[in-house]
1. If you scan the stretch 58-84, which residues turn out to be of a type in the set (A, V, I, L, M), assigned to a helix (DSSP H, G or I) and free of Cβ contacts under 8 Å to residues at least 24 places away in the same chain?
2. Which numbered condition in (1) acidic (Asp, Glu); (2) over 14 Å from Glu24 (Cα atoms); (3) within 12 Å of ligand 1 (Cβ to nearest atom) is the only one that Glu56 fails?
3. Taking the stretch 90-112 on its own, how many of its residues are within 16 Å of ligand 2 (Cβ to nearest atom) and in contact (Cβ under 8 Å) with a residue 12 or more places away in the chain?
4. Of the residues Ala120, Ala127, Ala163, Ala145, which single one is within 13 Å of ligand 2 (Cβ to nearest atom) and either on the phi < 0 side of the Ramachandran plot or at pLDDT 95 or above (or both)?
5. It is to be established whether one or more residues within the stretch 101-116 are surrounded by fewer than 17 Cβ atoms within 10 Å (Cβ to Cβ), within 20 Å of Ser14 (Cα to Cα), more than 16 Å from ligand 1 (Cβ to nearest atom) and at pLDDT 95 or above.
6. Answer yes or no: is there a residue in the stretch 99-116 that is touching a His at 6+ places or on another chain (Cβ under 6 Å) and either in a helix (DSSP H, G or I) or farther than 18 Å from Ala19 by Cα (or both).
7. Identify, by number, the condition in (1) more than 15 Å from ligand 1 (Cβ to nearest atom); (2) touching a residue at least 24 places away in the same chain (Cβ under 8 Å); (3) not in a helix (DSSP H, G or I) that Leu18 doesn't meet.
8. Considering (1) within 13 Å of ligand 2 (Cβ to nearest atom); (2) touching a helix residue (DSSP H, G or I) at 6+ places or on another chain (Cβ under 9 Å); (3) of a type in the set (Asp, Glu), say which one Asp50 fails and leave the rest.
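The values are calculated or read from the model by the stated rules, or taken from the named source; none is laboratory data. Everything numeric in this text was worked out from a predicted model, so none of it was measured. Here the Cβ positions follow ideal geometry from the backbone for every residue, glycine too, while neighbour counts run over all protein chains shown.
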Amino acid sequence: MAKRKPAGRDVEMSRDRLAELLNEDLSREYQAIIAYVVYSQVLTGAAYTDIAAQLELHAKQELDHALIISRQIDYLGKMPVVTPKPVRTSKDAKEMLRFDLDNENETIRNYRERIPQCEAIGEYALAEQIRQILMQEQDHQIDLATALGIEGPDVGGGPQGRASRTRR
Ligand SMILES: [Fe+2]
Ligand SMILES: [Fe+2]
């Protein structure tokens, strides 16, 4: 068991390096806020009523994530960034949703790495907060995949991630 190194521990982790990585995460959260604010309002047509309402909820949850991540960066002694990752736009509804799904996939990949990275330097409470965010990102991923009619995305959330969907 000790043989296999988790992906997150390939790089020597330090508080500074973790703060840098969290700043990347924060840029992705800003990107998500902007995308969901805009897409939730411009997605029109009967076919998209449900998903547009879901995207509004996502926008609010992404703001919560941004607040949590920036608090963690400050706690690690660094300044939170103020720049979002680029937001792609499209006039095509399916393409918009596809962009969102790509972004959520990327976000999930990163947070999955972040958890062992936090734990590698003994920041267990921080890891726990990222786990909570990750569960919501997985919900976002499922919402988008469902709207796009994509079967069985790699949610990897287990029973807990699934159960969280019964809230709404
Ligand atoms: Fe988020
Ligand atoms: Fe998300």
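1. Leu67
2. For Glu56, the exception is condition (3).
3. Here the count works out to 15.
4. Numbers: Ala120 fails: within 13 Å of ligand 2 (Cβ to nearest atom); Ala127 fails: within 13 Å of ligand 2 (Cβ to nearest atom); Ala163 fails: within 13 Å of ligand 2 (Cβ to nearest atom).
Result of the check over Ala120, Ala127, Ala163, Ala145: Ala145.
5. Yes: one or more hits.
6. yes
7. Status for Leu18: all satisfied but (3).
8. For Asp50, the exception is condition (1).
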